[in-house]
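The values are calculated or read from the model by the stated rules, or taken from the named source; none is laboratory data. For clarity, every value in this text was computed on a predicted model and none was experimentally measured. Ideal geometry is used to build each Cβ from the backbone, glycine not excepted, and the neighbour counts take in all protein chains shown. Each accessible area value is taken on the protein alone, full model and side chains, heavy atoms only, with ligands, DNA and RNA left out. Shrake-Rupley method; radii C 1.70, N 1.55, O 1.52, S 1.80 Å.
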Amino acid sequence: MSAPPIFVAAFSAACALGADNAAIAANLFAAEPRRINGVAKLSDGRAVPVGRLPFELKAAPGETRTNRILAHCYERIANDVAAVREACGADRFGVVMGTSTSGIGESTAAIRLKLTEDRWPPGFSIRTHQLGEVSAFAAELAGAQGPRYTVSTACTSGARAIASGARLMRAGLCDAVLCGGVDSLCDLTLDGFASLESLSEEPCNPMSLNRRGISIGEGGALFLLTREPGAHRLAGWGESSDSHHVSAPDPSGKGAELALRKALAMAGAEARAIDFVHLHGTATRLNDAMEAGVVHRLFGAETPASSTKPMTGHMLGAAGAMQAAICLMAINEGRVPPHLWDGVRDPDLPALNLAAPGARAEIKMAASASYAFGGNNAALILAAA
C-alpha cells in the first residue's frame, strides 16, 4: 500500500526579491528580473554583493535577526497554521526548521563587546546562539506542542527540514508540521566563505565559463504540511551523504544523483516527468561542474533548468526551502524561473537548457536539488495536486 500523500496547505517566503510570495513572484518573473544589489564589507575591507532583504523587519527586542525573519514569514500564514493546529491538536503538530546561522550575528557582536569593553549587551543570552532556538521560536509562534527540532546541515538544511517534517508525518508522530529554513547575513559566514576563496566580488554567475564563486543572501521560507488535500504536494524527497570532502563535492556526482533518484522513486516519477529542475547552482567551479553532469545524465539537455541565486543570493540554511517555494510559484504561474548569467557557456560542462527570462511552461512537477559541505545531498519533488 502506498503512503498517503503529503500536501502543502500554505507557504510563505521572503528574500532579496521581496517581502512575500506575491512580490517575489512579480520580481522573479518580470521581463527584467531583479538581481541582488546589496553590499557587505568583509573584515579585510573588500566589498562583496549580497542578497539583503529589501525591507525593514519589525523591531523585536531580544530577538535575533534570524528569528525576526522567521516571524515575518510566519505572519503571512498564521491563520492557516491556527486552523490546522485546531483541527489536529497542538500535541500532533510538529516543527522542523533548518538554519546555519541562528543567532551567530548577535553572539559575535556580544563577544566583540565583551572583549573590547568587558561587558555583555543588556539582556544577552547564549540561547540566541543555539541552533535549537530557531525551532523553539517557531513552535512558540505556532503553538505547536509536538516534536520540534532544528536541522543544520549547511546548504541542505532547508530541504532536509522539509523532508524531516514529512517523515514525522509518515511515521505517525504528527498530523501536521511547520517546516522550512531561515538564515540571516552575518560576518562569520561572509568571512568564512571568503577564507575559502569561494566568494565572488561580482553577483554570482552560475554555469558560466566566467563564474567566480557564490554571493550570499538571507531570508526564509516556511511550509505547512498536512494530509488534507491542497493545491500542492510534496511528492518525494531523497537524501544522501557521500562524505567525499569537507567542502568540495564529489566530481562524479554519485551522491547527488542518488538523492535525486531517491526523490523520483518516492514520487513514482520518471525523470522525463519533471517539467523544471531548480539547480543548486552556486557558481563555484567545482559545484557547477558536478551538478551539470548529474542534471544532464538524469534530465538531458531539454528539461528547463535554472539557478535563482543571482536573484536571491545563496541563502545557506534557507536555500533549499527557498528553492522549494520558487518551485511552487513556478507551478502556480506557469512560468520557468530564469537563469541569469552572462551567457558564456563553459565548454567543459554538459549542455543544459538554462531558462531565459519570460519562458512559459505548464509545470506539473518540479525537482529541486541542494548540496552541502561534507558531501551532504538533498532533493525534493514538488507537484501540482
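When only C-alpha pairs under 8 Å and at least 6 residues apart count, what is the relative contact order of region 237-339, in percent? Show your work: numbers first, answer last.
Details: 105 pairs, mean separation 26.5, N = 103.
Relative contact order of region 237-339: 26 percent.
Among the chymotrypsin sites (Phe, Trp or Tyr not before Pro) in region 4-55, those located in a DSSP loop and surrounded by at most 11 other Cβ atoms within 10 Å of their own Cβ are 55.
From the coordinates of this entry, volume of the Cα convex hull per residue in Å³ is computed, and it appears in (i) 125; (ii) 146; (iii) 235 under the label (i).
Qualifying GluC sites (Glu not before Pro) in region 1-109, where qualification requires a DSSP coil assignment and no more than 15 other C-beta atoms within 10 Å, comprise 56.
Show me the trypsin sites (Lys or Arg not before Pro) within region 12-78 that DSSP assigns to loop and that have at most 16 other Cβ atoms within 10 Å of their Cβ. Spell out each step's value before the answer.
Working: sites: 34, 35, 41, 46, 52, 58, 65, 68, 76; in loops: 34, 35, 46, 52, 58, 76.
For trypsin sites (Lys or Arg not before Pro) across region 12-78 that sit outside H, G, I, E and B with at most 16 neighbouring Cβ atoms in 10 Å, the list reads 46, 58.
Extension gain for residue 60 to residue 261 (0.36 nm times residue separation, less C-alpha to C-alpha distance): 68.1 nm.
For residue 359, the residues whose modelled amide H falls within less than 5 Å of its own, excluding neighbours fewer than 5 places apart on the same chain, are 336.
Using C-alpha pairs below 8 Å separated by at least 6 residues, the relative contact order for the chain is 23 percent. Each other residue within a Cβ distance under 11 Å of residue 285 adds +1 if Lys or Arg and -1 if Asp or Glu, for a net charge of -2. The label-point distance for residue 197 and residue 109, in a model that sets each label 7 Å from Cα toward Cβ, rounds to 3.3 nm. Estimated from the Cβ-Cβ distance and a Förster radius of 25 angstrom, the FRET efficiency linking residue 273 and residue 170 is about 0.70. Normalised by the number of residues in region 280-385, the average gap of Cα pairs under 8 Å and 6 or more apart makes the relative contact order 30 percent.
Where the accessible area of the chain is counted over protein heavy atoms with a 1.4 Å probe, how much of it, in %, is carbon and sulfur?
Values: 7900 of 15140 Å².
Taking all protein chains in place, the chain shows 52 percent carbon and sulfur surface.
Ranked by the mean number of other Cβ atoms within 10 Å of their residues, highest first, the peptides 133-140, 185-192, 305-312 come out as 305-312, 133-140, 185-192. The label point for residue 47 and the one for residue 344, both projected 7 Å from the Cα toward the Cβ, are 2.3 nm apart.
Here region 67-92 is scanned for amide nitrogen atoms under 13 Å from the site 7 Å beyond the Cα of residue 228 along Cα-to-Cβ, giving 79-89.
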